[in-house]
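Readers should treat all values here as calculations from the given coordinates under stated rules, not as data from a laboratory. Fair warning: this is a prediction, and the values are worked out from it, not measured in the lab. Cβ atoms come from the backbone with ideal geometry, glycine included; neighbour counts cover every protein chain shown.
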Amino acid sequence: MTLHKGYRNKSRQRHRKNVRDRGLGSIEKYLIDYEINDKVDVVTDPSQHKRGFPHRRYHGLTGTVIGKRGRCYEVEVKLGNSKKMLLIGKEHLRTNRGTAK
């Protein structure tokens with residue numbers, strides 16, 4: 001018998017919010033518009049898990065915005081020796097701290 005390994009399998013610690021950050025976040029993160037070639041961090045927001053939620057293996061990685069598709073952004077991240085193109089909603093992205101102005 002094979003057990004189903006779902007999309008959020010083994011992600012209890014990764015997709016957990018701090019006690020004081022629980023619930024829906026501020027509306028400011030929905031008003032941010034990223035430009036092409038912006039460096040962004042993939043930080044999943046567990047309170048928004050329907051649209052544009054990246055797989056747990058990409059949580060914490062830094063990528064580059066290469067385009068926009070609908071309400072999501074095309075982000076290119078490096079995973080091992082290959083580059084992956086992800087479709088991620090803006091609530092799961094934040095500006096990279098190393099390139100913040």
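Data for the structure
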item	result
Computed over segment 1-68, Cα set: Rg, Dmax in Å	14.3, 47
Of the chymotrypsin sites (Phe, Trp or Tyr not before Pro) in segment 33-101, those whose Cβ has at most 13 other Cβ within 10 Å and which sit in DSSP loop	none
Segment 25-90: trypsin sites (Lys or Arg not before Pro) falling in loop per DSSP and having at most 14 other Cβ within 10 Å	K50, R51, R71
Neighbour cut-off at most 16 other Cβ (10 Å), DSSP loop, GluC sites (Glu not before Pro), the chain	E35
Candidate lysines for bridging to K50, where Cα separation is under 23 Å - those fewer than 8 sequence places away on the same chain excluded	K5, K10, K17, K29, K68, K84, K90
Reach of K78 by Cα under 17 Å, taken over lysines that are not fewer than 8 positions away in the same chain	K39
Prolate/oblate/rounded call for segment 33-99, Cα gyration tensor, a/c under 1.5 rounded	rounded
Residue-averaged 222 nm ellipticity for the chain, from DSSP H runs of 4+ at -39500 (n - 2.57), nearest 500	-500 deg cm²/dmol
